[in-house]
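Accompanying notes for the structure given below.
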Amino acid sequence: MKICIVKLSAMGDIIHAMVALQFIKKALPKTQIDWIVEDGFKDVLQNNPDINNILPINLKAIKKKKSAIFSQYKILKEYSKNNYDLVIDAQGLLKSAIVSKIVARKDIAGFDKNSIRESIASLFYDDKISIPYEANAIDRNMAVICKALYIEYTKEDILNKKPFLHSSLHVEQQMEYIVFVVGASRENKIYPKEKFVELANKLQKHILIVWGNEEEKETAEFIAQNSKYAFVAPKGDLDKLKHTIQNSKFVIGGDTGPTHMAWALNIPSITIFGNTPEYRNTYITPINQVVKSDSQVNALKLDHSDFSIRDIEVDTILETYNEVLDKM
């Protein structure tokens, strides 16, 4: 059997869907699994033994140059020659549904119209999976992928998952360290740099700050300049990021892709939530905990004026950190 998963972006969303791969291979070990992804995120998938082929696409190029639609269509038509038995749209957007339609020669599975934000996408699917949009993102991805393949699983199975992010780097770290993830896609998902400094000074552990752009680098440098325990990570790619988190002792950061990597790698972590729903955006485990602001969050309608993440006390994070250590 040959299947193709369509999950284009973003990093955290791709990670939330990747957990399903090991369940497919366990239930259907001879299945060929290909994955269509935005080119900028393909390295998240690299080196995963359960993926046969990573198929990059650059739909973002169309925003800059409309004529790019023709080159991207040509790429997708080439992918369709793989003659998949099933294409699974795990994204649930109109653009991912169109991608699925171009690539599919047979059936397409996806969410039903009541389970996604862009309900028109469900018109493209043959097999439609129902699960509330506000349900946990990992549960949603497991449902749309595994149910389409008639694979049974339990929540306990997910909690007992194997780590599923893999780096090509094999250099062992010489020092134990905690990772700080200081950036995010939106300003109101970012914990204040001054409070990261306070947290670093109270932890009194070797801290490595990862960053992905110049603004995040400036934040990392501010923290390092104000805490003798914090150091700015060298510039790196997604492969290096996976390796850094895989070799860390703990990860602390906002609701963003690099923090979710810790859950994927079974590394202890704290995810800091403000205006986004912790019950939807991560899986809480004994070693993967959250700290949430007092803000009431509606997953169906996020309040982009909510900056309550800034109000979370450092001591609350420190207390949660110690609680996680006690469970290890």
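No value in this document is a laboratory result; all are computed from the given coordinates. Since the structure is predicted, the reported quantities are computational estimates derived from the model, not experimental observations. Here the Cβ is made from the backbone with ideal geometry for all residues, glycine too, and neighbour counts use every protein chain on show.
Here the contact order of the chain, divided by its residue count and restricted to Cα pairs under 8 Å and six or more residues apart, works out to 15 percent. For Cα extents along the principal axes in Å, the value computed from the atomic coordinates appears in the list (1) 69, 49, 30; (2) 57, 50, 38; (3) 58, 41, 40 under label (3).
Placing +1 on the Cβ of every Lys and Arg and -1 on the Cβ of every Asp and Glu, with no other charges, gives the range 1-44 a dipole of roughly 360 debye about its Cα centre.
Bridgeable aspartates and glutamates around Lys42 (alpha carbons under 17 Å apart, same-chain partners fewer than 8 residues away excluded): Asp13, Asp34, Asp50, Asp89, Asp237, Asp239.
Going by Cα centres, the range 117-174 and the range 1-25 are how many Å apart? Cα centres, the range 117-174 to the range 1-25: 6 Å. Across the range 204-220, rounded Karplus estimates of 3J(HN,Hα) from the backbone phi angles (6.51 cos²θ - 1.76 cosθ + 1.60, θ = phi - 60°) give 6, 10, 5, 10, 10, 9, 8, 8, x, 8, 5, 5, 5, 5, 4, 4, 4 Hz, Gly and Pro being marked x. For the range 287-304, 3J(HN,Hα) computed residue by residue from phi via the Karplus equation (6.51, -1.76, 1.60; θ = phi - 60°) reads 9, 10, 10, 10, 10, 10, 5, 7, 5, 8, 10, 9, 4, 7, 8, 6, 8, 6 Hz, glycine and proline entered as x. Residues whose amide H lies under 5 Å from that of Lys2, counting only those 5 or more places away or on a different chain, are Gln32, Asp85, Leu86; hydrogens are built 1.01 Å from N in the peptide plane. Around the amide H of Asn288, modelled in the peptide plane, lie the amide H atoms of Ser269, all under 5 Å away and 5 or more residues distant in sequence or on another chain.
Among the trypsin sites (Lys or Arg not before Pro) within the range 1-80, those in coil by DSSP and having at most 15 neighbouring Cβ atoms inside 10 Å are Lys30, Lys65, Lys66. Exposed loop sites here are GluC sites (Glu not before Pro) in DSSP loop states with at most 16 other C-beta atoms within 10 Å. What is the longest stretch of the chain lacking them? Counting at most 16 other Cβ atoms within 10 Å as exposed, the longest clean stretch of the chain is 177-312. Pick out, in residue order, every one of the trypsin sites (Lys or Arg not before Pro) in the range 169-277 that is DSSP loop and has at most 12 other C-beta atoms within 10 Å; say none if there are none. Passing sites in the range 169-277 are Lys228, Lys235. For the range 2-159, a crude dipole built from +1 on the beta carbon of Lys and Arg and -1 on the beta carbon of Asp and Glu, taken about the Cα centre, is about 760 debye to the nearest 20. For the range 133-166, applying the loop criterion from DSSP together with a ceiling of 13 other beta carbons within 10 Å to the chymotrypsin sites (Phe, Trp or Tyr not before Pro) yields Tyr150.
Distances between placed amide hydrogens fall under 5 Å for Val37 paired with Leu55, Ile57, all partners being 5 or more residues away or on another chain.
Using just its DSSP H runs of length 4 or more, each adding -39500 (n - 2.57), the chain gives a mean residue ellipticity at 222 nm of -10500 deg cm²/dmol after division by all residues. Note on Lys195: lysines with a C-alpha under 23 Å away, same-chain residues under 8 apart excluded, are Lys205, Lys217, Lys228, Lys249, Lys292. Quick one: among Ala262, Ala61, Ala224, which has the greatest mean-square fluctuation in a GNM of the chain with alpha-carbon springs under 10 angstrom? Per the Cα network of the chain with a 10 Å cutoff, Ala61 tops the list. For the range 63-186, the relative contact order comes to 17 percent (Cα pairs under 8 Å, sequence separation of at least 6). Sequentially through the range 305-310, phi angles give Karplus couplings (6.51, -1.76, 1.60; θ = phi - 60°) of 9, 8, 10, 5, 4, 5 Hz, Gly and Pro residues having no value and appearing as x. Taking Ile36, Ile190, Ile120 as the candidate residues, the one with maximal mean-square fluctuation in a Gaussian network model of the chain, Cα springs under 10 Å, is Ile120.
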